[in-house]
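Engineer: One structure follows; several queries about it will come next.
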């Protein structure tokens with residue numbers, strides 16, 4: 001049985017000999033990846049246990065047909081490489097998080113909140129790292145972020161709450177965390193009901209000690225009582241984990257001076273009928 | 001051979017032949033020019049719908065101008081032709097009222113743009129995907145793969161619904177539960193079902209509306225939002241999941257029924273099973 005880069009890391013490359021398979025468990029997701037002549041065969045199933053923190057990796061493993069194997073996908077490939085790599089990634093859309101209880105940030109105050117994001121998994125095959133599949137470990141809910149149902153953006157909803165304390169951060173393996181510094185430069189308080197982060201522009205970093213996944217630190221500055229805020233992504237590992245190692249590049253190239261509609265209020269029921 | 005060359009030279013010497021050749025060159029030039037304009041517009045940054053309209057308009061104008069020019073070169077008297085065209089126009093105008101109406105409606109539709117190619121729309125009870133927007137008509141591919149041509153005049157007059165205009169849609173499911181049920185628990189179950197279905201948008205939040213005390217059930221409207229591409233998948237899955245959740249919790253979705261009431265202090269109606277009457281024969 002081959003281990004990951006550290007005991008807590010479930011991702012990374014592995015060699016799966018022909019006719020055998022590799023098995024991974026990441027939270028509720030069970031993966032079985034088989035190497036066959038001319039193809040890779042991926043079967044995945046979810047136990048539905050959203051709060052599972054189990055992480056397991058068994059490579060290579062003897063393949064035994066399992067009735068609870070789940071959905072099977074086949075990928076035709078050339079070459080004889082037995083190398084397969086699992087890479088954690090962030091979502092392909094912006095992610096909206098909500099605090100357990102909304103809170104105020106007074107005028108001219110700055111606070112750091114910790115926001116959890118759902119993780120995706122990319123399957124790369126061969127020495128040239130051919131992308132076979134890219135899927136969510138646990139499919140998040142879609143959600144709408146905008147002032148009404150006409151204007152806005154389709155995002156993913158994070159199942160973890162944004163926290164004001166580092167001690168409350170959700171460290172499940174299917175989550176990544178971002179430390180967001182919110183500077184309220186406006187003359188009025190900011191009532192934070194939900195926050196949207198453009199995660200496709202962020203990279204992933206792994207904490208070598210715990211195996212937890214983090215992104216770069218983000219700074220959002222609220223000006224002039226508006227929901228639009230200039231987004232600043234601080235390059236490099238998060239300040240809390242200076243030794244964290246980069247494991248995935250951003251999906252989209254980052255843009256300088258991006259203004260994002262980061263703060264929003266929840267819809268009222270009445271708004272759905274107007 | 002030399003006789004044929006001599007004949008050709010003689011034909012070429014005739015003024016009529018040179019005029020016809022010039023006219024032919026102009027016609028060919030017109031077609032080439034129209035094609036060039038078409039190609040040029042293809043690389044422009046215009047919307048496909050606008051590009052189609054402009055392309056057809058320019059092609060018509062170029063071909064009309066070069067056509068008139070060619071006729072003029074061929075020796076056709078344009079004054080006579082235009083005079084005749086006046087009469088013809090009046091006659092054709094009466095005959096082509098519908099076409100002209102469609103044409104003008106088409107221009108209005110293209111200006112207003114209530115839908116675009118690829119949108120799913122509903123017009124007069126016909127639902128389908130817009131595949132062509134012409135000056136005269138709009139062509140739809142219905143979901144059972146039939147081609148429906150709707151004249152633009154009708155498109156302009158009829159009530160038109162663009163199903164895919166917005167990114168998200170709401171699905172409303174009517175459901176009734178038995179009077180004996182705990183309604184707070186029923187509400188909880190519905191919210192749990194929405195929470196467990198990742199296709200349901202978290203925001204706008206699911207909505208549960210009390211519709212009224214019906215003949216046989218307490219009626220609710222269970223409304224969930226979904227991104228438009230997942231609408232059908234959600235419509236199928238949410239009903240199954242709600243039924244399963246109600247079954248698991250022992251919540252009854254009642255059939256229509258009648259209670260026969262015989263007074264507040266009466267005992268239940270006595271029911272007596274009689275023997276089958278004898279055949280009178």
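Every number here is computed from the coordinates shown, using simple stated rules; none is lab data. Fair warning: this is a prediction, and the values are worked out from it, not measured in the lab. Cβ atoms come from the backbone with ideal geometry, glycine included; neighbour counts cover every protein chain shown.
Engineer: Give me the distance in nm between label points sitting 7 Å out from Cα along the Cα-to-Cβ direction at residue A:221 and residue B:77, one decimal.
Structural biologist: 8.2 nm
Engineer: Relative contact order for the stretch A:12-88: what is it in percent, counting Cα pairs under 8 Å that are at least 6 residues apart?
Structural biologist: Relative contact order for the stretch A:12-88 comes out at 39 percent.
Engineer: Over the Cα atoms of the stretch B:113-162, compute the convex hull volume and normalise it per residue, giving Å³.
Structural biologist: Each residue corresponds to 64 Å³ of Cα convex hull volume.
Engineer: Points 7 angstrom from Cα along the Cβ direction at residue A:58 and residue B:85: gap in nanometres?
Structural biologist: Going from the residue A:58 label point to the residue B:85 one covers 8.5 nm.
Engineer: How much FRET efficiency would the formula 1/(1 + (r/R0)^6) give for residue A:72 and residue A:129, where r is the Cβ-Cβ distance and R0 is 25 Å, rounded to 0.05?
Structural biologist: Calculated value: 0.65.
Engineer: Something else now. Say each of residue B:232 and residue A:107 gets a label point 7 Å from the Cα, pointing the same way as Cα to Cβ; how far apart are those two points in nm?
Structural biologist: The answer from the label model is 5.4 nm.
Engineer: Shielding by partners for B:162-168, please: the mean number of other protein chain Cβ atoms within 10 Å of each residue's Cβ.
Structural biologist: 3
Engineer: Compute the angle between helix B:231-249 and the longest alpha-carbon principal axis of chain B, please, reported from 0 to 90 degrees and rounded to the nearest 10.
Structural biologist: That works out to roughly 10 degrees.
Engineer: Then there's this: Kindly state, to the nearest 0.05, the FRET efficiency for residue B:97 paired with residue A:153, given R0 = 51 Å and r defined as their beta-carbon distance.
Structural biologist: Efficiency, from the Cβ-Cβ distance: 0.60.
Engineer: Now a separate question. Pairing the Cα long axis of helix B:15-42 with the longest principal axis of chain B, what angle in degrees results, from 0 to 90 and rounded to the nearest 10?
Structural biologist: 30 degrees
Engineer: Which order do A:191, B:231 fall in if you start with the one that has the fewest other Cβ atoms within 10 Å?
Structural biologist: A:191, B:231
Engineer: If you look at just the Cα atoms of chain A, how large are its Rg and its Dmax in Å?
Structural biologist: Values for chain A (Cα only, Rg and Dmax): 20.4, 66 Å.
Engineer: Report the relative contact order of chain A, percent, no decimals, based on alpha-carbon pairs under 8 angstrom and at least 6 residues apart.
Structural biologist: 17 percent
Engineer: Among B:246, A:145, B:255, what is the fewest-to-most ranking by other Cβ atoms within 10 Å?
Structural biologist: Taking fewest neighbouring Cβ atoms as first place, the list is B:255, B:246, A:145.
Engineer: Would you mind calculating the relative contact order of chain B from Cα pairs under 8 angstrom and at least 6 residues apart, reporting the percent as a whole number?
Structural biologist: 12 percent
Engineer: Counting pairs of Cα atoms in the stretch A:12-88, how many percent are more than 14 Å apart?
Structural biologist: So the pairs more than 14 Å apart make up 60 percent of the total in the stretch A:12-88.
Engineer: Beyond 45 Å, what share of the Cα-Cα pairs of the protein assembly as shown remains, rounded to the nearest whole percent?
Structural biologist: Cα-Cα pairs in the protein assembly as shown separated by more than 45 Å: 44 percent.
Engineer: With the cut-off at 1.5 for a/c, could you classify the stretch B:2-95 from its C-alpha gyration tensor as rounded, prolate or oblate?
Structural biologist: oblate
Engineer: Another one. How much length, in nm to one decimal, is gained on full extension between residue B:132 and residue B:13, taken as 0.36 nm per residue of separation minus their Cα-Cα distance?
Structural biologist: So the extension gain works out to 37.8 nm.
Engineer: Now, a different point. Given a Förster distance of 25 angstrom, what is the FRET efficiency for residue B:159 paired with residue B:54, based on the Cβ-Cβ distance and rounded to 0.05?
Structural biologist: That gives a FRET efficiency of 0.30.
Engineer: Could you calculate the contour length gain from residue A:166 to residue A:234, that is, 0.36 nm times the residue separation minus the distance between their Cα atoms, to one decimal place in nm?
Structural biologist: In short, 22.6 nm is gained.
Engineer: Please give the helix B:183-196 orientation as an angle from the longest Cα principal axis of chain B, in degrees from 0 to 90, rounded to the nearest 10.
Structural biologist: 40 degrees
Engineer: Take B:273, B:26, B:148 and order them by how many other Cβ atoms sit within 10 Å, fewest up front.
Structural biologist: B:273, B:148, B:26
Engineer: For residue B:272 and residue B:65 in one chain, what is 0.36 nm times their gap in residues minus the Cα-Cα distance, to one decimal in nm?
Structural biologist: Here the segment from residue B:272 to residue B:65 would lengthen by 65.0 nm.
Engineer: On to the next question. Which residues in the stretch B:48-89 have a backbone N closer than 18 Å to a point placed 7 Å from the Cα of residue B:35 along the Cα-to-Cβ line?
Structural biologist: Backbone N within reach: B:55-56, B:58-64, B:66-67.
Engineer: Only residues of the stretch A:230-251 count here: report those whose backbone N is under 17 Å from the spot 7 Å along Cα→Cβ of residue A:209, or say none.
Structural biologist: Within reach of a label on residue A:209: A:237-246.
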